[in-house]
1. Filter the range 167-197 down to the residues that are in a loop (DSSP other than H, G, I, E, B) and aliphatic (A, V, I, L, M), then identify the one that is most open to solvent (accessible area, probe 1.4 Å).
2. I'm trying to understand the selection: among the residues of the range 198-229, which are surrounded by 19 or more Cβ atoms within 10 Å (Cβ to Cβ) and among the small types (Gly, Ala, Ser)?
3. Based on what the data block shows, is Ala277 in contact with a Leu (Cβ under 7 Å, 6 or more places away or on another chain) and either surrounded by 11 or more Cβ atoms within 10 Å (Cβ to Cβ) or more than 30 Å from Leu211 (Cβ to Cβ) (or both)?
4. State all residues of the range 408-440 that are loosely packed, with under 14 Cβ neighbours inside 10 Å and assigned to a loop (DSSP other than H, G, I, E, B); if no residue qualifies, say none.
5. Any residue that is in a helix (DSSP H, G or I), hydroxyl-bearing (Ser, Thr, Tyr), buried (at least 19 other Cβ atoms within 10 Å of the Cβ) and on the phi < 0 side of the Ramachandran plot - is there at least one of those in the range 230-242?
6. Pick from His351, His343: which is open to solvent by less than 70 Å² (accessible area, probe 1.4 Å) and either under 22 Å from the mean Cα position of the chain (by Cα) or without any contact (Cβ under 8 Å) to a residue 24 or more places away in the chain (or both)?
7. Here's a check for you: in the range 94-122, which residue that is in contact with a Lys or Arg (Cβ under 9 Å, 6 or more places away or on another chain) and among the polar types (S, T, N, Q) is surrounded by the fewest Cβ atoms within 10 Å (Cβ to Cβ)?
Amino acid sequence: MLLSPQHPPTFPLVRCVALRCVVVSIQHSSIIRSLALLPLVASCFRAATTALSIQSSSSSSSVRSATSFLRLSRFQRYFSTTTTTIMSGSNEISFKRAKLDDDMASSKIIGTHSGTFQADEAMGVFLLRQLPDYRNSAVVRSRDLEVLATKADIVIDVGGVYDHSALAYDHHQRGYDERFDDQGRCTKLSASGLVYRHYGQQVLKQYYPMLSDDLLKVAYVKIYDKLMQALDAIDTGVEMIPSGVEPLYRDSTGLASRVGRLNPRWNEIHDNTTISADDLQDLQFAKAVDLCGLDFMSVMTSVVESDLPARKFVEEALLKRHENHASGQIISFLSGGMPWRDHLYELEKIHKLDDKLIQFVLYQDQGGMWRVQAVTVEGKAFVNRLSLPETWRGVRDQDLAGISGIKTARFVHVAGFIGGATLYEDALEMASIALKQQQE
C-alpha cells in the first residue's frame, strides 16, 4: 500500500495550525533542551504536522501528497542546524553539520513489506531518505512482488533477493550470509545493515561534507558498532546472552523494542472507524521511521561531534604518558566529560602497548577536583584492569588522607573504580600507589 493519508482527522484544521505554531516557538528553547524534553516536543510537532498533512492531502492520493505526509518531521532541523565548533584551526570545520534541504522531495519510491514492521526496514527507509536520490521519498508497503516491481525504485526487506546492482536488499533468502566486514561479526546484516553498508558513508558525507576520509571511516564503523549492529543481531535472531547463561534482567528499552511497540496491538480497536487497519499500520510505520531517525541522528552527532574530536586529545595524552609517570601506565586530560575509553582501546593497539596498557586516567571535573579513574577491561563495563587499593574504598576526606598518607585525597568509591584529590599531584600519587601495590 502506498503511504498516502486518505482520511482527515475529526478536529478542526485551525487547532492543528495553532498547535504547530506553539511547538515551533518552543522547540529551540534552552529550557526545553536542558530538561531533556526534546522527544516530547518532537512528538507534539509530528502530531500537528501529521494532522495538517492529512487535511491538506485528503483530496489527493498522488505520490506527491504521500511524499509530503511521510517526510521526516521538520523537527529534524534541530539536528540539522546544531553544529560543533569547539575545535580550533583547520579541524573546526570538519565537524560542522550541514543543513539538508528539508523541502526537497524525490520522485523515487522506496518499497518494503506491508504488515507488522520492525526496526530494520524503518531504519533502512530513514537512511535512504537522507540521500539526494531518495530525499523524503514516498514509501510503498506491499508483499506483492508485482506491485514492488512496478512502483518501487528500490526495495528493502522483502522480495527474497539481495542484489546491489538491482537495488534489491532483502536478507531472508536461503544461503544468505552477508556481514558488515571481515572482523568476525556475530550477526548477518538485516535490511538496515545492508542499506548502511552500501550507503552509510554517503549519509555521513551528506551531513559532514568536510570530514576527512579517515575520520569518515572511523565514524562509519563506530555508528555500526553503537547502533546498527544491534538492529541486525535482533532482527536476524542472535542472542545477546550466551547459551546456558541466565540474564539477571531483561531490557526492553532499546530501539527495536520501542519500534515493535508502535505496531497496532492484536486486540486494538481504533476510535476512528473511518481509518482502515492497513492505513493505521502505515501511520504507525511512519512514526517508526521518525523514531529510528531520531536515534540515528543522536548517535551520529554524538560520534562525529563528540567522539571524533576527542580522539586527537586521547592520542596526545597517550603519546605523552611517560611524562606523567615513569611506568607509562597513567595518562591525564585537562578536563573530564570527554569520551576517551573506546579511543584508548583502539589507540593502544595502534601504538602496540600490549605489555604496558594504561591503568588509570586523570582528569579535572567541573568542580575542580582531580579524578583518578581506573580503565576497565575492554568489553567489560564493571571489571577494572586495576582498581584503587581495597583499604581506601568507601573512605572519604580526613579518614582517607590518614589511611593513604595523601593530604588532599578526597574520596574513593566503594567499588574502587574512581577516586579524587584536590591537587593533581595527589591524584597522581593515588594512581602511583595502586600501581606499586600491584607489583608487590
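1. Of everything passing the filter in the range 167-197, Leu167 is most open to solvent (accessible area, probe 1.4 Å).
2. Listed by number, the residues that qualify are Gly200, Ala219.
3. It is false that Ala277 is in contact with a Leu (Cβ under 7 Å, 6 or more places away or on another chain) and either surrounded by 11 or more Cβ atoms within 10 Å (Cβ to Cβ) or more than 30 Å from Leu211 (Cβ to Cβ) (or both).
4. Val414, Ala415, Glu440
5. no
6. Answer to the check: His343.
7. Out of the qualifying residues, it is Ser107.
So that you can scan it fast, the table gives a plain yes or no per residue for (1) in a loop (DSSP other than H, G, I, E, B); (2) out of contact with any helix residue (DSSP H, G or I) (no Cβ under 7 Å at 6 or more places or on another chain):
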{"residue": "Arg97", "(1), (2)": "yes, no"}
{"residue": "Asp101", "(1), (2)": "yes, yes"}
{"residue": "Met104", "(1), (2)": "yes, yes"}
{"residue": "Gly111", "(1), (2)": "no, no"}
{"residue": "Thr116", "(1), (2)": "yes, yes"}
{"residue": "Asp120", "(1), (2)": "no, no"}
{"residue": "Leu127", "(1), (2)": "no, no"}
{"residue": "Asp133", "(1), (2)": "no, yes"}
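The values are calculated or read from the model by the stated rules, or taken from the named source; none is laboratory data. Given the structure is predicted, the values throughout are model-derived calculations rather than measurements. Every residue, glycine as well, gets a Cβ built from its backbone with ideal geometry; the counts of neighbours run over all protein chains shown. Ligands, DNA and RNA are stripped out before the accessible areas are found, and what is left, the full protein with its side chains, is counted by its heavy atoms. Shrake-Rupley method; radii C 1.70, N 1.55, O 1.52, S 1.80 Å.
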